[in-house]
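Novice: This structure is in structure tokens; I'll ask about it shortly.
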Amino acid sequence: MELSIVIPMYNEEETVDGLVEALAAILPQLPSPHEVLFVNDGSRDATEQKLLAAKATHPWIRVVNLRRNCGQHIATYAGFDHSEGRYVVTLDGDLQNDPADIPKIIEQLEAGYDVVCGWRMNRQDPFLSRRVPSLVVNWVIRRDSPHPIHDSGCFLRGYTREAVQELSQYSNMRSWFPVLFAKLGFRVTEVEVRHHARPGDEMSRHGNMTRIHQFVSILIGATDNPFLYVVLTGMGATLLGGVALIVGFLIALITGHPQAWYWTLGAGVLGLWGAVVFLVGVVGEYAARVHQEMGRTPRYIVRDIK
């Protein structure tokens, strides 16, 4: 098998037909023989039925059904483990990535790179809820990555078989793949790709708590120095609280107003409380990861492959 395309799917019944049509249009231009692995990540809608209907028409489709929803990264691991291609390309199932950009990815893999990342030049996502957190995460990642990828969050990527096999050694880690490969010494590059607005209601599938969890997981999974940022944040909050205490104390002495003491104490306590809570949150995230690793629970369980 020359090429495997891995696509995690979770409640994507609205996009299956359009995605299969776009893939069918571009596959004749790609290395052959090829396969497309749709990893059904515990969908609760008609995603599986639509995929099986498409498979009846397109024999290059394989459907890997997981027993429960494990998340995009774990579903990607499942696709990697069951792929056979010399090159493996990952693609989002929501039609925001354009399958027509896959030849660009393949071209760089054939040029000798191990990992090729897409770089969304005209990102079609909400600014505050998606693009601003992405800018922050990418800035943090570039400070700690051996290869400064501009868009670590783009899911349109290509991998050699060697890179995919290396990744299979990692268990429950929510690894931020481009950074991980760069640190392992693989050759990583990026190409400009298109990005489309997601059809349907994206917010109905990913609430604010899910986004916060993804943000923290990405931040911790992509850098070796998260505690550095925690310490800096704690120092800043402590310094702010200390300054507030001093200023409030001086104002209270000069003016003699009793409320100045309350505002001063409240500002100091608030600053210190914020630093402690942030630190405990990050430590808790690390503790959860250690617990998962020591528990040796399986990353995923396949219900069937069709």
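Novice: Consider Asp101 against the criteria (1) assigned to a loop (DSSP other than H, G, I, E, B); (2) touching a residue at least 60 places away in the same chain (Cβ under 8 Å): it satisfies all of them except one. Which criterion is unmet?
Specialist: (1)
Novice: Within segment 4-28, which residues are closer than 18 Å to His196 by Cα, β-branched (Val, Ile, Thr) and surrounded by 17 or more Cβ atoms within 10 Å (Cβ to Cβ)?
Specialist: Listed by number, the residues that qualify are Ile7, Thr15, Val16, Val20.
Novice: If you take the residues in segment 29-71 that are assigned to a helix (DSSP H, G or I) and crowded, with 18+ Cβ neighbours inside 10 Å, which one is farthest from the chain's Cα centre (by Cα)? Break it down stepwise before answering.
Specialist: Of segment 29-71, the ones assigned to a helix (DSSP H, G or I) are 29, 47-57.
Keeping just the survivors that are crowded, with 18+ Cβ neighbours inside 10 Å gives 47-48, 50-51, 54.
On the way: Thr47: 22, Glu48: 23, Lys50: 26, Leu51: 24, Ala54: 27 Å.
By that ranking, first place goes to Ala54.
Novice: Does Ala53 qualify as being touching a His at 6+ places or on another chain (Cβ under 8 Å), without any contact (Cβ under 8 Å) to a residue 40 or more places away in the chain, at negative phi and aliphatic (A, V, I, L, M)?
Specialist: Numbers: touching a His at 6+ places or on another chain (Cβ under 8 Å): no; without any contact (Cβ under 8 Å) to a residue 40 or more places away in the chain: yes; at negative phi: yes; aliphatic (A, V, I, L, M): yes.
Answer is no for this residue.
Novice: Do the conditions hold for His58, that is, is it in contact with a helix residue (DSSP H, G or I) (Cβ under 7 Å, 6 or more places away or on another chain) and over 15 Å from Val6 (Cα atoms)?
Specialist: Numbers: in contact with a helix residue (DSSP H, G or I) (Cβ under 7 Å, 6 or more places away or on another chain): yes; over 15 Å from Val6 (Cα atoms): yes.
For His58, the condition - in contact with a helix residue (DSSP H, G or I) (Cβ under 7 Å, 6 or more places away or on another chain) and over 15 Å from Val6 (Cα atoms) - is met.
Okay, residues lined up against (1) more than 29 Å from Glu166 (Cα to Cα); (2) of a type outside the set (A, V, I, L, M); (3) modelled with pLDDT of 95 or more:
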residue	(1), (2), (3)
Val16	yes, no, yes
Ser43	no, yes, yes
Gln49	yes, yes, yes
Ala53	yes, no, yes
Thr57	yes, yes, yes
Asn65	no, yes, yes
Val89	no, no, yes
Pro99	no, yes, yes
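Novice: Okay, next question. Filter segment 185-199 for residues that are assigned to a strand (DSSP E or B) and either touching a Ser or Thr at 6+ places or on another chain (Cβ under 8 Å) or hydrophobic (A, V, I, L, M, F, W, C) (or both) and give the result. So that I can check it myself, show each step before the final result.
Specialist: Step one: list which residues in segment 185-199 are assigned to a strand (DSSP E or B), which gives 188-193, 195.
Residues satisfying the conditions are Val188, Val191, Val193.
The values are calculated or read from the model by the stated rules, or taken from the named source; none is laboratory data. Everything numeric in this text was worked out from a predicted model, so none of it was measured. A quick note on method: Cβ atoms are made from the backbone with ideal geometry, for glycine too, and the neighbour counts reach across all protein chains shown.
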